[in-house]
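Trainee: Structure provided below as C-alpha coordinates; questions to follow.
The values are calculated or read from the model by the stated rules, or taken from the named source; none is laboratory data. None of the values given here were measured: they were computed from a predicted structure. Here the Cβ positions follow ideal geometry from the backbone for every residue, glycine too, while neighbour counts run over all protein chains shown.
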Amino acid sequence: MVKSPQELMMLSTMFKKITRGLGFFLLANLLYSPAITAEVVSARIDDENPEATISKNDITVDIYAQEKTTKEGKVVVSKISVFERGNKVIELEGAQSFFPLAQVQIAEMDKSNKTPEIIFESYTGGAHCCAKLVILTKQNDKWRVIEGGNFDGGPVGVSDIDNNGIYEYVTIDNRFLYTFASYAESVAPPQIWTVQYGKLVNATKQPQYRFWLRNELNKLWQNYKNNTKGNNAFWAAYVAWKALLGEEIAAWQMMLKNYNINEDYCVRYSKNYDCLAKAKFPQALLTFLKENGYLNNEAARRISTIK
Ligand SMILES: [Ca+2]
Ligand SMILES: [Ca+2]
(Lines give C-alpha, C1' and ligand atoms only; values in the text may rest on other atoms or scores of the structure.)
(Ligands and ions follow the chains in the order given, each with its own letter.)
Protein backbone atom coordinates (compact mmCIF):
# COMPACT_ATOMS: atom_id res chain seq x y z
CA MET A 1 0.00 0.00 0.00
CA VAL A 2 2.89 2.36 -0.65
CA LYS A 3 1.93 4.82 -3.32
CA SER A 4 3.73 8.13 -2.96
CA PRO A 5 5.65 9.22 -6.08
CA GLN A 6 8.97 8.97 -4.23
CA GLU A 7 8.15 5.50 -3.01
CA LEU A 8 7.03 4.48 -6.46
CA MET A 9 10.33 5.70 -7.93
CA MET A 10 12.25 3.74 -5.33
CA LEU A 11 10.14 0.67 -5.93
CA SER A 12 10.56 1.04 -9.63
CA THR A 13 14.32 0.89 -9.23
CA MET A 14 14.01 -2.17 -7.05
CA PHE A 15 11.59 -3.60 -9.55
CA LYS A 16 14.17 -3.35 -12.31
CA LYS A 17 16.68 -5.29 -10.32
CA ILE A 18 14.46 -8.16 -9.38
CA THR A 19 11.94 -8.25 -12.17
CA ARG A 20 13.92 -10.41 -14.48
CA GLY A 21 14.54 -13.06 -11.88
CA LEU A 22 11.35 -12.93 -9.93
CA GLY A 23 9.00 -12.20 -12.80
CA PHE A 24 10.20 -15.26 -14.59
CA PHE A 25 10.11 -17.22 -11.35
CA LEU A 26 6.51 -16.31 -10.59
CA LEU A 27 5.34 -17.13 -14.05
CA ALA A 28 7.43 -20.22 -14.39
CA ASN A 29 6.35 -21.62 -11.08
CA LEU A 30 2.77 -20.59 -10.74
CA LEU A 31 1.44 -20.20 -14.18
CA TYR A 32 3.31 -21.64 -17.01
CA SER A 33 2.24 -25.15 -17.79
CA PRO A 34 3.62 -26.07 -21.17
CA ALA A 35 0.73 -27.51 -23.10
CA ILE A 36 0.89 -29.99 -25.92
CA THR A 37 1.41 -27.32 -28.49
CA ALA A 38 0.05 -26.65 -31.88
CA GLU A 39 2.61 -24.88 -34.00
CA VAL A 40 4.19 -21.74 -32.75
CA VAL A 41 7.44 -20.33 -34.02
CA SER A 42 9.53 -18.07 -31.81
CA ALA A 43 12.73 -16.07 -31.83
CA ARG A 44 14.37 -14.14 -29.06
CA ILE A 45 17.10 -11.53 -29.25
CA ASP A 46 19.54 -10.50 -26.54
CA ASP A 47 23.07 -9.13 -26.12
CA GLU A 48 24.67 -12.09 -27.83
CA ASN A 49 22.09 -12.62 -30.57
CA PRO A 50 20.83 -9.21 -31.64
CA GLU A 51 18.87 -10.41 -34.68
CA ALA A 52 16.78 -13.35 -35.82
CA THR A 53 14.21 -14.37 -38.43
CA ILE A 54 11.16 -16.62 -38.20
CA SER A 55 8.67 -17.81 -40.81
CA LYS A 56 5.32 -19.52 -40.86
CA ASN A 57 3.17 -20.07 -43.93
CA ASP A 58 3.50 -16.88 -46.01
CA ILE A 59 4.72 -14.73 -43.16
CA THR A 60 8.30 -13.88 -42.27
CA VAL A 61 9.33 -11.71 -39.35
CA ASP A 62 12.75 -10.17 -38.76
CA ILE A 63 13.51 -9.11 -35.20
CA TYR A 64 16.52 -6.94 -34.48
CA ALA A 65 18.02 -4.43 -32.09
CA GLN A 66 18.94 -0.95 -33.26
CA GLU A 67 21.12 1.51 -31.39
CA LYS A 68 19.84 5.00 -30.89
CA THR A 69 21.35 8.04 -29.20
CA THR A 70 19.08 9.93 -26.85
CA LYS A 71 19.53 12.49 -24.07
CA GLU A 72 20.25 9.62 -21.70
CA GLY A 73 22.98 8.34 -23.98
CA LYS A 74 23.00 5.25 -26.14
CA VAL A 75 19.93 3.07 -25.97
CA VAL A 76 18.72 0.03 -27.84
CA VAL A 77 15.36 -0.23 -29.58
CA SER A 78 13.93 -3.64 -30.44
CA LYS A 79 12.19 -3.72 -33.80
CA ILE A 80 10.36 -6.12 -36.06
CA SER A 81 9.75 -6.10 -39.79
CA VAL A 82 6.92 -8.24 -41.09
CA PHE A 83 6.83 -9.64 -44.62
CA GLU A 84 3.94 -11.37 -46.32
CA ARG A 85 4.91 -13.36 -49.41
CA GLY A 86 8.14 -11.40 -49.48
CA ASN A 87 6.54 -7.95 -49.30
CA LYS A 88 7.14 -5.81 -46.27
CA VAL A 89 3.75 -5.09 -44.71
CA ILE A 90 4.66 -3.43 -41.44
CA GLU A 91 7.61 -2.31 -39.38
CA LEU A 92 7.24 -1.80 -35.68
CA GLU A 93 9.32 -0.35 -32.90
CA GLY A 94 9.22 -1.97 -29.47
CA ALA A 95 10.49 -0.80 -26.13
CA GLN A 96 13.62 1.22 -25.64
CA SER A 97 16.14 -0.25 -23.27
CA PHE A 98 19.82 -0.31 -22.34
CA PHE A 99 20.24 -3.84 -23.59
CA PRO A 100 18.29 -5.88 -26.14
CA LEU A 101 15.79 -8.41 -24.85
CA ALA A 102 12.79 -9.10 -27.03
CA GLN A 103 10.81 -11.97 -28.43
CA VAL A 104 8.60 -12.43 -31.44
CA GLN A 105 6.27 -15.32 -32.18
CA ILE A 106 3.94 -16.34 -34.95
CA ALA A 107 0.99 -18.26 -33.56
CA GLU A 108 -2.72 -18.68 -34.10
CA MET A 109 -4.51 -16.54 -31.50
CA ASP A 110 -7.64 -15.59 -33.40
CA LYS A 111 -9.53 -18.01 -35.63
CA SER A 112 -11.71 -15.26 -37.11
CA ASN A 113 -9.15 -14.55 -39.85
CA LYS A 114 -7.06 -16.77 -42.11
CA THR A 115 -3.63 -15.64 -40.94
CA PRO A 116 -1.79 -16.34 -37.71
CA GLU A 117 -1.09 -13.50 -35.30
CA ILE A 118 2.33 -12.01 -34.51
CA ILE A 119 3.20 -11.53 -30.85
CA PHE A 120 5.97 -9.04 -30.10
CA GLU A 121 7.26 -8.58 -26.57
CA SER A 122 10.10 -6.23 -25.75
CA TYR A 123 11.63 -5.77 -22.35
CA THR A 124 11.78 -2.18 -21.24
CA GLY A 125 14.41 -2.66 -18.55
CA GLY A 126 14.42 1.05 -17.70
CA ALA A 127 12.48 3.18 -15.25
CA HIS A 128 9.32 1.54 -16.53
CA CYS A 129 9.85 -2.13 -16.05
CA CYS A 130 8.22 -4.99 -17.84
CA ALA A 131 7.48 -6.65 -21.09
CA LYS A 132 5.69 -4.42 -23.55
CA LEU A 133 3.23 -6.54 -25.47
CA VAL A 134 2.07 -5.81 -29.01
CA ILE A 135 0.04 -8.20 -31.15
CA LEU A 136 -0.33 -7.87 -34.90
CA THR A 137 -3.40 -9.29 -36.55
CA LYS A 138 -4.70 -9.09 -40.09
CA GLN A 139 -8.27 -7.85 -40.27
CA ASN A 140 -10.02 -7.00 -43.55
CA ASP A 141 -6.76 -7.32 -45.49
CA LYS A 142 -4.89 -4.89 -43.27
CA TRP A 143 -2.39 -5.63 -40.52
CA ARG A 144 -3.47 -3.97 -37.33
CA VAL A 145 -1.54 -3.28 -34.15
CA ILE A 146 -3.10 -4.26 -30.85
CA GLU A 147 -1.37 -2.55 -27.93
CA GLY A 148 -1.34 -5.03 -25.06
CA GLY A 149 0.28 -2.78 -22.47
CA ASN A 150 3.10 -3.55 -20.08
CA PHE A 151 3.29 -6.68 -17.98
CA ASP A 152 5.55 -7.54 -15.12
CA GLY A 153 8.61 -9.60 -15.96
CA GLY A 154 10.37 -10.31 -19.23
CA PRO A 155 8.88 -11.79 -22.41
CA VAL A 156 6.91 -14.92 -21.58
CA GLY A 157 5.37 -15.82 -24.91
CA VAL A 158 2.02 -17.35 -25.67
CA SER A 159 0.83 -20.78 -24.60
CA ASP A 160 -2.16 -22.92 -25.49
CA ILE A 161 -3.42 -23.64 -21.99
CA ASP A 162 -6.60 -25.44 -23.02
CA ASN A 163 -5.00 -27.37 -25.87
CA ASN A 164 -7.41 -26.28 -28.58
CA GLY A 165 -4.79 -25.05 -31.04
CA ILE A 166 -5.48 -21.36 -30.30
CA TYR A 167 -2.90 -19.55 -28.24
CA GLU A 168 -3.43 -17.44 -25.15
CA TYR A 169 -1.19 -14.86 -23.53
CA VAL A 170 -0.99 -15.63 -19.84
CA THR A 171 0.29 -13.20 -17.28
CA ILE A 172 -0.42 -12.33 -13.68
CA ASP A 173 -2.79 -9.57 -12.60
CA ASN A 174 -0.22 -6.85 -11.98
CA ARG A 175 -2.64 -4.85 -9.83
CA PHE A 176 -1.92 -7.23 -6.97
CA LEU A 177 1.78 -6.34 -6.90
CA TYR A 178 2.55 -4.03 -3.95
CA THR A 179 -1.09 -3.90 -2.86
CA PHE A 180 -1.12 -6.29 0.09
CA ALA A 181 2.61 -6.82 0.51
CA SER A 182 5.96 -5.77 -0.91
CA TYR A 183 6.63 -6.73 -4.50
CA ALA A 184 8.62 -9.80 -3.52
CA GLU A 185 5.91 -11.04 -1.16
CA SER A 186 2.97 -10.24 -3.40
CA VAL A 187 0.88 -13.05 -4.81
CA ALA A 188 -1.26 -12.50 -7.89
CA PRO A 189 -3.87 -14.52 -9.75
CA PRO A 190 -3.43 -15.18 -13.45
CA GLN A 191 -4.86 -13.21 -16.32
CA ILE A 192 -5.62 -14.94 -19.60
CA TRP A 193 -5.65 -12.72 -22.68
CA THR A 194 -7.04 -13.84 -26.01
CA VAL A 195 -7.59 -12.19 -29.37
CA GLN A 196 -11.18 -12.43 -30.52
CA TYR A 197 -12.25 -10.82 -33.81
CA GLY A 198 -9.17 -8.60 -33.76
CA LYS A 199 -9.62 -7.38 -30.19
CA LEU A 200 -7.61 -8.22 -27.10
CA VAL A 201 -9.98 -9.74 -24.55
CA ASN A 202 -9.45 -10.60 -20.90
CA ALA A 203 -10.84 -14.14 -21.05
CA THR A 204 -9.81 -15.30 -17.58
CA LYS A 205 -13.40 -15.98 -16.49
CA GLN A 206 -14.41 -17.88 -19.62
CA PRO A 207 -15.49 -21.45 -18.80
CA GLN A 208 -12.97 -23.19 -21.07
CA TYR A 209 -10.15 -22.04 -18.78
CA ARG A 210 -11.62 -23.29 -15.50
CA PHE A 211 -9.81 -26.59 -15.62
CA TRP A 212 -6.48 -24.83 -16.07
CA LEU A 213 -7.29 -22.24 -13.38
CA ARG A 214 -8.04 -25.02 -10.89
CA ASN A 215 -4.81 -26.79 -11.72
CA GLU A 216 -2.80 -23.63 -11.25
CA LEU A 217 -4.58 -22.94 -7.98
CA ASN A 218 -3.50 -26.37 -6.76
CA LYS A 219 0.07 -25.42 -7.60
CA LEU A 220 -0.34 -22.20 -5.62
CA TRP A 221 -1.41 -24.27 -2.60
CA GLN A 222 1.61 -26.52 -3.03
CA ASN A 223 3.91 -23.51 -3.19
CA TYR A 224 2.44 -21.85 -0.12
CA LYS A 225 1.45 -24.86 1.96
CA ASN A 226 3.56 -23.77 4.97
CA ASN A 227 2.99 -20.08 4.46
CA THR A 228 -0.75 -19.44 4.34
CA LYS A 229 -1.56 -18.61 7.97
CA GLY A 230 -1.60 -14.84 8.39
CA ASN A 231 -0.29 -14.29 4.86
CA ASN A 232 -2.68 -11.63 3.61
CA ALA A 233 -1.04 -11.40 0.19
CA PHE A 234 -1.73 -15.09 -0.31
CA TRP A 235 -5.35 -14.76 0.81
CA ALA A 236 -5.92 -11.80 -1.50
CA ALA A 237 -4.82 -13.86 -4.50
CA TYR A 238 -6.68 -16.94 -3.27
CA VAL A 239 -10.03 -15.18 -2.89
CA ALA A 240 -9.63 -13.45 -6.26
CA TRP A 241 -8.67 -16.73 -7.92
CA LYS A 242 -11.71 -18.49 -6.43
CA ALA A 243 -13.89 -15.57 -7.54
CA LEU A 244 -12.72 -16.26 -11.10
CA LEU A 245 -14.16 -19.74 -10.59
CA GLY A 246 -17.37 -18.40 -9.02
CA GLU A 247 -16.42 -19.81 -5.60
CA GLU A 248 -15.76 -16.62 -3.68
CA ILE A 249 -18.05 -17.38 -0.72
CA ALA A 250 -16.16 -20.48 0.43
CA ALA A 251 -12.86 -18.70 -0.17
CA TRP A 252 -13.96 -15.71 1.88
CA GLN A 253 -14.91 -17.92 4.83
CA MET A 254 -11.54 -19.60 4.69
CA MET A 255 -9.74 -16.25 4.48
CA LEU A 256 -11.61 -14.95 7.56
CA LYS A 257 -10.19 -17.84 9.59
CA ASN A 258 -6.64 -17.29 8.44
CA TYR A 259 -5.87 -13.66 7.69
CA ASN A 260 -3.52 -11.45 9.68
CA ILE A 261 -5.72 -9.20 11.78
CA ASN A 262 -2.86 -6.89 12.76
CA GLU A 263 -2.27 -5.25 9.41
CA ASP A 264 -4.09 -2.17 8.14
CA TYR A 265 -4.33 -1.12 4.51
CA CYS A 266 -5.03 2.16 2.85
CA VAL A 267 -8.36 2.18 1.01
CA ARG A 268 -8.59 5.83 0.03
CA TYR A 269 -5.91 8.22 -1.21
CA SER A 270 -5.66 11.95 -1.73
CA LYS A 271 -4.43 13.33 -5.06
CA ASN A 272 -0.94 13.40 -3.57
CA TYR A 273 -1.17 9.75 -2.57
CA ASP A 274 -1.56 10.50 1.12
CA CYS A 275 -3.66 7.90 2.82
CA LEU A 276 -7.09 9.25 3.75
CA ALA A 277 -8.63 6.07 5.16
CA LYS A 278 -7.34 2.76 6.41
CA ALA A 279 -9.12 -0.53 6.90
CA LYS A 280 -8.54 -4.04 8.15
CA PHE A 281 -7.68 -6.64 5.54
CA PRO A 282 -11.19 -8.02 4.79
CA GLN A 283 -12.61 -4.56 4.12
CA ALA A 284 -9.57 -3.54 2.07
CA LEU A 285 -9.75 -6.77 0.08
CA LEU A 286 -13.48 -6.41 -0.56
CA THR A 287 -12.97 -2.87 -1.86
CA PHE A 288 -10.05 -3.94 -4.02
CA LEU A 289 -11.84 -6.97 -5.53
CA LYS A 290 -14.89 -4.92 -6.31
CA GLU A 291 -12.91 -2.09 -7.87
CA ASN A 292 -10.94 -4.50 -10.02
CA GLY A 293 -13.87 -6.48 -11.36
CA TYR A 294 -13.47 -9.69 -9.36
CA LEU A 295 -16.76 -9.22 -7.53
CA ASN A 296 -19.94 -7.72 -8.88
CA ASN A 297 -22.27 -5.78 -6.57
CA GLU A 298 -24.32 -8.83 -5.65
CA ALA A 299 -21.28 -10.99 -4.84
CA ALA A 300 -19.77 -8.14 -2.80
CA ARG A 301 -23.03 -7.69 -0.92
CA ARG A 302 -23.27 -11.40 -0.10
CA ILE A 303 -19.65 -11.47 1.04
CA SER A 304 -20.09 -8.44 3.28
CA THR A 305 -22.76 -10.29 5.25
CA ILE A 306 -20.43 -13.18 6.14
CA LYS A 307 -19.21 -12.94 9.71
CA1 LIG B 1 -5.58 -15.72 -36.82
CA1 LIG C 1 -6.16 -22.26 -26.34
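Trainee: For segment 155-178, state whether one or more residues are assigned by TED's automatic domain parsing to the domain that holds N292, basic (K, R) and away from ligand 1 (no atom under 16 Å from the Cβ). Walk me through how you get there before you give the answer.
Mentor: The initial filter retains those residues of segment 155-178 that are assigned by TED's automatic domain parsing to the domain that holds N292, namely none.
No, segment 155-178 has no match at all.
Trainee: Looking at Y259, Y238, Y265, Y273, which one is surrounded by 12 or more Cβ atoms within 10 Å (Cβ to Cβ), more than 21 Å from E168 (Cα to Cα) and over 25 Å from the mean Cα position of the chain (by Cα)? Full working, then the answer.
Mentor: Values: Y238 fails: over 25 Å from the mean Cα position of the chain (by Cα); Y265 fails: over 25 Å from the mean Cα position of the chain (by Cα); Y273 fails: over 25 Å from the mean Cα position of the chain (by Cα).
Answer to the selection: Y259.
Trainee: So which pairs qualify, if the first residue must be in segment 97-118 and outside any loop (DSSP other than H, G, I, E, B), the second must be away from ligand 2 (no atom under 14 Å from the Cβ) and charged (D, E, K, R), the Cβ gap must be under 6 Å, and the two must be at least 6 apart or on different chains?
Mentor: Between residues of segment 97-118 that are outside any loop (DSSP other than H, G, I, E, B) and residues that are away from ligand 2 (no atom under 14 Å from the Cβ) and charged (D, E, K, R), the close pairs are Q103/R44; Q103/E121; I106/K56.
Trainee: So A181 fits all but one of (1) part of a loop (DSSP other than H, G, I, E, B); (2) under 21 Å from V76 (Cβ atoms); what number is the exception?
Mentor: Every condition holds for A181 apart from (2).
Trainee: Within segment 192-236, how many residues are in contact with a helix residue (DSSP H, G or I) (Cβ under 8 Å, 6 or more places away or on another chain) and under 25 Å from A107 (Cβ atoms)?
Mentor: Here the count works out to 7.
Trainee: Considering only segment 190-202, I want to know if a residue exists there that is more than 16 Å from ligand 1 (Cβ to nearest atom) and part of a loop (DSSP other than H, G, I, E, B). Show your work before the answer.
Mentor: In the first step, residues of segment 190-202 are kept if they are more than 16 Å from ligand 1 (Cβ to nearest atom); the result is 190-192, 202.
Applying the additional criterion that residues be part of a loop (DSSP other than H, G, I, E, B) yields none.
For segment 190-202, residues more than 16 Å from ligand 1 (Cβ to nearest atom) and part of a loop (DSSP other than H, G, I, E, B): absent.
Trainee: If you take the residues in segment 66-86 that are more than 13 Å from V104 (Cβ to Cβ) and hydrophobic (A, V, I, L, M, F, W, C), which one is farthest from the chain's Cα centre (by Cα)?
Mentor: Step one: of segment 66-86, the residues more than 13 Å from V104 (Cβ to Cβ) are 66-77, 84-86.
Cutting the leftovers down to hydrophobic (A, V, I, L, M, F, W, C) gives us 75-77.
Values: V75: 25, V76: 24, V77: 22 Å.
Per the stated criteria, the residue is V75.
Trainee: Residue by residue through segment 150-192, note down the ones that are within 15 Å of ligand 2 (Cβ to nearest atom), acidic (D, E) and surrounded by fewer than 19 Cβ atoms within 10 Å (Cβ to Cβ).
Mentor: Listed by number, the list holds a single entry, D162.
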